[in-house]
Amino acid sequence: MDTLLELPFKFVKVPKMRLKVPNISKPSPMVVFSIIFFTYFLVSSGIIYDLIIEPPSIGYQPDERGHARPTVFQMYRINAQYIIEGLSAGFIFLLGALGYIILDLNSKKNNSYVFAVGLALIVASYNIAIVFIRMKIPGYNPISIY
C-alpha cells in the first residue's frame, strides 16, 4: 500500500518553496470592542431580517389630500419593519448599552457626573424605545400589561 502512495512522487518532483508566515499584529482591545459593538448595532437593528425580507427603506402613506407622505414605522405590524425603523431602534439600543458600559467604567472611578450620564443614557434609551413601540402600536401601555 505504501508503494502505491509513493508511486506518484517518483515521477513528480516536489518544489522547494519558502513560505513566510505573515506577521499579523494583535489588534488593540479598543478595536476588538469597536467591531463587537458595531456588530451588536447591526444585529439589534435587524440587519438579518433586512437582508432576508428586503423591505423598503421607508414607507408611504396617503394623507387626507391623497398625497403620499413618508412614514418610518409600519403601524400595527410588530413583526415587520422598514430599514430606517430598524436602524433607529438599533441606535437607541446602542445608547442603552453605552450607558451600561459607562456605569461599569464608573465603578472604578466613582464619579457622580459619569454616573449621571450613564444613568441618563439608560433611562433615555428605555423611554425612547417605549415611544417607538407606542408609535408602532398606538395605545400600548407597558404598565398595564396584566
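Where the second residue is in a strand (DSSP E or B) and surrounded by 11 or more Cβ atoms within 10 Å (Cβ to Cβ) and the first is on the phi > 0 side of the Ramachandran plot and among the polar types (S, T, N, Q) and lies in the stretch 58-75, which pairs have Cβ atoms under 7 Å and are six or more apart or on separate chains?
Hits for this filter: zero, empty list.
Give the residue, chosen from Tyr40, Tyr60, that is over 19 Å from Met135 (Cα atoms) and aromatic (Phe, Trp, Tyr). I'd like the intermediate steps shown before the answer.
On the way: Tyr60 fails: over 19 Å from Met135 (Cα atoms).
Being over 19 Å from Met135 (Cα atoms) and aromatic (Phe, Trp, Tyr) holds for just one of Tyr40, Tyr60, which is Tyr40.
Of a type in the set (Ser, Thr, Tyr), modelled with pLDDT of 90 or more and not in a helix (DSSP H, G or I): does that describe Ser57? Working first, answer last.
Values: of a type in the set (Ser, Thr, Tyr): yes; modelled with pLDDT of 90 or more: yes; not in a helix (DSSP H, G or I): yes.
The answer is yes for Ser57.
Determine, yes or no, whether Pro138 is modelled with pLDDT under 95, surrounded by 11 or more Cβ atoms within 10 Å (Cβ to Cβ) and in a loop (DSSP other than H, G, I, E, B).
Working: modelled with pLDDT under 95: yes; surrounded by 11 or more Cβ atoms within 10 Å (Cβ to Cβ): no; in a loop (DSSP other than H, G, I, E, B): yes.
No, not satisfied.
Across the stretch 18-54, which residue is farthest from Gly86 (Cα to Cα) among those that are assigned to a loop (DSSP other than H, G, I, E, B) and among the polar types (S, T, N, Q)?
Of the stretch 18-54, the ones assigned to a loop (DSSP other than H, G, I, E, B) are 18-28, 46, 54.
Checking which are among the polar types (S, T, N, Q) leaves us with 23, 25, 28.
Values: Asn23: 39, Ser25: 35, Ser28: 30 Å.
So the residue we want is Asn23.
Could you figure out which of (1) touching a Ser or Thr at 6+ places or on another chain (Cβ under 8 Å); (2) within 25 Å of Tyr126 (Cα to Cα); (3) not basic (Lys, Arg) isn't true of Tyr60?
(2)
Can you spot a residue in the stretch 55-69 that is aromatic (Phe, Trp, Tyr) and surrounded by 13 or more Cβ atoms within 10 Å (Cβ to Cβ)? Show your work before the answer.
Residues of the stretch 55-69 that are aromatic (Phe, Trp, Tyr), as a first pass: 60.
Right, trim to surrounded by 13 or more Cβ atoms within 10 Å (Cβ to Cβ) and you get none.
The answer is no, given that none of the residues of the stretch 55-69 is aromatic (Phe, Trp, Tyr) and surrounded by 13 or more Cβ atoms within 10 Å (Cβ to Cβ).
If the requirement is being more than 26 Å from Pro56 (Cα to Cα) and either touching a helix residue (DSSP H, G or I) at 6+ places or on another chain (Cβ under 6 Å) or outside any loop (DSSP other than H, G, I, E, B) (or both), which of these qualifies: Gly90, Gly86, Gly96? Full working, then the answer.
Values: Gly90 fails: more than 26 Å from Pro56 (Cα to Cα); Gly86 fails: more than 26 Å from Pro56 (Cα to Cα).
One residue alone meets the criteria, Gly96.
For the stretch 104-118, what are the residues that are crowded, with 16+ Cβ neighbours inside 10 Å and either small (Gly, Ala, Ser) or within 19 Å of Ser44 (Cβ to Cβ) (or both)?
Selection gives Gly118 alone.
Which one is surrounded by the most Cβ atoms within 10 Å (Cβ to Cβ) among residues in the stretch 70-88 that are of a type in the set (A, V, I, L, M) and under 23 Å from Phe41 (Cβ atoms)? Don't jump to the end; show me each part of the working.
Of all residues in the stretch 70-88, those of a type in the set (A, V, I, L, M) come to 72, 75, 78, 80, 83-84, 87.
Applying the additional criterion that residues be under 23 Å from Phe41 (Cβ atoms) yields 72, 78, 80, 83-84, 87.
Working: Val72: 17, Ile78: 10, Ala80: 13, Ile83: 18, Ile84: 18, Leu87: 20.
Going through the qualifying residues, I end up with Leu87.
Is it the case that Arg77 is part of a helix (DSSP H, G or I) and farther than 30 Å from Met30 by Cβ? Spell out the reasoning first.
Values: part of a helix (DSSP H, G or I): no; farther than 30 Å from Met30 by Cβ: yes.
Taking the combined requirement at face value, the residue does not satisfy it.
The values are calculated or read from the model by the stated rules, or taken from the named source; none is laboratory data. Note that this is a predicted model, so its numbers are computed, not measured. When we count neighbours, we look across all protein chains shown, and the Cβ atoms used for this are built from the backbone with ideal geometry, even at glycine.
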